[in-house]
Structure formats: structure tokens, C-alpha cells
1. Projected area of the chain, taken from the Cα convex hull and averaged over every viewing direction, in nm²?
2. Net charge within 12 Å of Glu54 by Cβ-Cβ distance, Lys/Arg positive one each and Asp/Glu negative one each, not counting Glu54 itself?
3. Treating only the Cβ of Lys, Arg, Asp and Glu as charged (+1, +1, -1, -1), what charge dipole size does the chain show about its Cα centre? Round to the nearest 20 debye.
4. Using helices alone, I'd like the mean residue ellipticity at 222 nm for the chain: each DSSP H run of four-plus residues gives -39500 (n - 2.57), total over residue count, nearest 500.
5. Based on the alpha carbons, how large is the Rg to Rh ratio for region 68-113 when Rh follows Kirkwood?
6. So if R0 is 41 Å, what FRET efficiency would Arg127 and Glu50 give, r being the distance between their Cβ atoms, rounded to the nearest 0.05?
7. Within 14 Å, Cβ to Cβ, of Gly92, how many net charges do the neighbouring residues add up to if Lys/Arg are +1 and Asp/Glu are -1?
Amino acid sequence: MLEGMLVDLVPYSKKFLDLEHIWRNNESAFWSSGGDRHIVSRAAIRRKAEAWAEEAERLGPARPVMFGMQTKDGTPIGFFTIAWLLPHHRVGLIGARIGDPAYWGRGYGTDALLLIVEFAFGWLDLRKVWLATTSANERVMRQMDKVGFVLEGRARRASLMDGVWVDGLLYGMLREEWPGREALIERLGLHPVEQGDVR
């Protein structure tokens with residue numbers, strides 16, 4: 001378990017999988033997928049989870065690392081992953097979704113991001129992490145800015161989001177650019193919340 005100020009990252013388990021049908025059928029999937037709007041059944045999610053587990057076993061040391069994200073009182077609100085791990089190059093892709101919109105824009109995602117980056121550099125010994133979003137996702141763009149990720153690439157008009165073409169954005173952080181979780185907590189002013197408080 002990775003313990004944060006506002007959230008904990010715990011092994012992804014059935015309690016998170018049981019909420020995936022809600023998270024994949026609401027606005028959170030639209031934003032985290034770059035504009036997709038699919039209706040996904042529980043059975044399809046279960047099949048995808050089984051296929052993912054089989055694929056992860058086959059990948060060995062390059063297998064993705066997946067955490068469930070929960071509030072300090074244990075409420076599941078989303079997930080974080082490090083995927084596309086390239087052990088030789090020591091690079092990994094960060095993926096995330098806060099499935100419950102009530103927790104958007106409140107610092108929960110930033111707290112979890114600090115945990116996963118610290119884990120990537122400290123435990124997995126990666127030298128670089130990166131993530132992808134779109135130019136329509138202002139929340140993620142602000143988050144990348146304040147945490148210190150660098151905009152490394154822009155694919156013009158790469159996604160169609162509700163009838164509007166938007167750019168695909170790639171952000172990266174090198175290990176030597178990471179000031180450390182504690183330094184960022186102080187700089188960003190993150191602090192614990194009372195149990196049950198959706199700030």
C-alpha cells in the first residue's frame with residue numbers, strides 16, 4: 001500500500017473492479033480515453049480484466065503495475081497504473097482515472113500522482129515516466145504544470161471529442177527532474193482531510 005495525504009494506492013481488487021462499469025460509462029471514461037463514449041457491460045469489463053491478467057503474466061518484468069485509489073476512509077474512487085514498462089530503457093506510462101466526478105479537482109488525483117511517481121522512481125527504478133492526455137483536458141494540463149511534468153509532444157488534431165478535433169499531448173518527467181514527494185506536498189500545500197470530507 002502507498003499511503004498519501006488524501007488517498008491511498010492499494011492493490012487493485014474486486015472492490016474496484018465492481019465499480020468499473022460505472023466508471024467506464026460516465027464522464028470519467030470520456031476524459032481519460034481522449035473522447036471515447038462507449039457503453040460497456042459488466043460482463044465485458046470482467047472479460048477484459050481476465051485478459052489483462054493473462055497478458056500481465058506473459059509480460060513478466062514488463063507487466064503493468066495497477067493500484068486502486070481510495071480515500072483515507074477506504075472509499076474506492078479510481079485507479080492508477082504504470083504500463084508499457086520497458087525494463088531495459090527504464091521507462092513507464094502512467095495511466096489514471098478518478099471514476100467518481102465528486103472527487104475531481106480536489107487534490108486527490110495530484111496526491112495519487114505524487115505517490116505513483118515516487119513509486120516509479122524509488123521502487124521500480126525507472127528513469128522516466130510519461131503520460132498522454134488531450135488539449136481539451138485542462139485539469140490534467142494544470143496538474144502536469146504544477147507537478148513539474150514537461151510537455152514533450154503534441155499530435156495535432158489527434159482526437160475527436162464531442163465533435164471537436166483536439167490535440168494529443170505527451171508529458172514526461174525524468175528522474176533528475178523529480179524534486180521528491182515531500183517537496184511537492186509542501187510546495188502544493190496538500191494536507192490531510194477529515195474522514196468523509198469531499199473537499
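Since every read-out is calculated from the coordinates, none of them should be taken as a lab result. On a predicted model such as this, the values are computed, not experimentally measured, just so you know. Methodologically, a virtual Cβ is constructed for each residue, glycine included, from the backbone with ideal geometry; neighbour enumeration extends over all protein chains shown.
1. 11.0 nm²
2. On the way: positive: Arg47, Lys48, Arg58, Arg63; negative: Glu50, Glu55, Glu57.
Net local charge, Glu54 excluded: +1.
3. On the way: 26 positive and 26 negative charges, 108 e Å.
Roughly 520 debye, rounded to the nearest 20.
4. -9500 deg cm²/dmol
5. Ratio of gyration radius to Kirkwood radius for region 68-113: 1.08.
6. With R0 = 41 Å, the Cβ-Cβ based efficiency is 0.80.
7. Local charge sum for Gly92: +3.
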